[in-house]
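One structure is given below, encoded as structure tokens.
The values are calculated or read from the model by the stated rules, or taken from the named source; none is laboratory data. Predicted, not measured: the structure shown is a model, and the values here were computed from it. With ideal geometry, Cβ positions are generated from the backbone for all residues, glycine too; neighbour counts draw on all protein chains shown.
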Amino acid sequence: MLSRLGQLPNPAAPGELRLYRAALGARLQLQLACESALDEPSAAAVRAALDALAVNRAGNSPLADGNWIAEQTGLSPGIRLGRLKAWLHHTQVESDLATLSEVAERLAQLSWQDGEPESWPRLQWPPADTPAG
């Protein structure tokens, strides 16, 4: 949790708020309490924005599993497939995708064939830099 202190999402950015909420899960309220001790106005703004934010339409669990991704991409089990699954989950939460067909549309837009899988985003807070895709 210490590495997250002072790393609040932008209250005006729904995607950041969804990632923050999903990544912290059950620890969200504890994190916000700690943030309040450091910066009450910012933590209050984030708390208010989270309270106003609808729950994710598909929840926080990934819609696409490894078998589906392998069928769509031809990838074999391994780091590339696993990290692509994490990237799709990140994208699903951030963009509030509700169906597997929406995930498939997003998969077609990602540049997953290139680059190092270790640099691909996953559901975490604070987020690492997101590659273009």
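Taking Thr99, is it modelled with pLDDT under 95 and surrounded by fewer than 19 Cβ atoms within 10 Å (Cβ to Cβ)? Taking the combined requirement at face value, the residue does not satisfy it. Set side by side, the residues Ala86, Ala70 differ, and just one is in contact with a Lys or Arg (Cβ under 6 Å, 6 or more places away or on another chain), of a type in the set (A, V, I, L, M, F, W, C) and assigned by TED's automatic domain parsing to the domain that holds Arg106, which is Ala86.
Name the one entry in Ala54, Ala64 that is at pLDDT 95 or above, loosely packed, with under 13 Cβ neighbours inside 10 Å and either small (Gly, Ala, Ser) or closer than 22 Å to Pro9 by Cβ (or both). Steps first, please.
On the way: Ala64 fails: loosely packed, with under 13 Cβ neighbours inside 10 Å.
Answer to the selection: Ala54.
Across region 103-129, which residue is surrounded by the fewest Cβ atoms within 10 Å (Cβ to Cβ) among those that are charged (D, E, K, R) and touching a residue at least 12 places away in the same chain (Cβ under 8 Å)? So that I can check it myself, show each step before the final result.
Of all residues in region 103-129, those charged (D, E, K, R) come to 105-106, 114, 116, 118, 122, 129.
Filter once more, keeping what is touching a residue at least 12 places away in the same chain (Cβ under 8 Å): 106, 118, 122.
Working: Arg106: 17, Glu118: 8, Arg122: 15.
Selected residue: Glu118.
Would you confirm, using the coordinates I've provided, whether Gly59 is in contact with a Ser or Thr (Cβ under 7 Å, 6 or more places away or on another chain) and under 20 Å from Gln92 (Cβ atoms)? Working first, answer last.
Working: in contact with a Ser or Thr (Cβ under 7 Å, 6 or more places away or on another chain): no; under 20 Å from Gln92 (Cβ atoms): yes.
Spelling it out, it is not the case that Gly59 is in contact with a Ser or Thr (Cβ under 7 Å, 6 or more places away or on another chain) and under 20 Å from Gln92 (Cβ atoms).
Remark: pairs (first residue in region 2-23, of a type in the set (Asp, Glu); second residue surrounded by fewer than 19 Cβ atoms within 10 Å (Cβ to Cβ); Cβ separation under 7 Å; 6+ apart in sequence or on different chains) = Glu16/Asn10. Within region 69-94, residues that are surrounded by fewer than 22 Cβ atoms within 10 Å (Cβ to Cβ) have Cβ atoms under 9 Å from residues that are part of a helix (DSSP H, G or I) and among the hydroxyl-bearing types (Ser, Thr, Tyr) in these pairs: Arg80/Thr73; Leu81/Thr73; Arg83/Ser119, counting only partners at least 6 apart in sequence or on another chain.
Taking Glu40 as the residue in question, decide whether it is surrounded by 12 or more Cβ atoms within 10 Å (Cβ to Cβ), among the acidic types (Asp, Glu) and either without any contact (Cβ under 8 Å) to a residue 60 or more places away in the chain or more than 19 Å from Val103 (Cβ to Cβ) (or both).
Numbers: surrounded by 12 or more Cβ atoms within 10 Å (Cβ to Cβ): no; among the acidic types (Asp, Glu): yes; either without any contact (Cβ under 8 Å) to a residue 60 or more places away in the chain or more than 19 Å from Val103 (Cβ to Cβ) (or both): yes.
Against the criterion (surrounded by 12 or more Cβ atoms within 10 Å (Cβ to Cβ), among the acidic types (Asp, Glu) and either without any contact (Cβ under 8 Å) to a residue 60 or more places away in the chain or more than 19 Å from Val103 (Cβ to Cβ) (or both)), Glu40 does not qualify.
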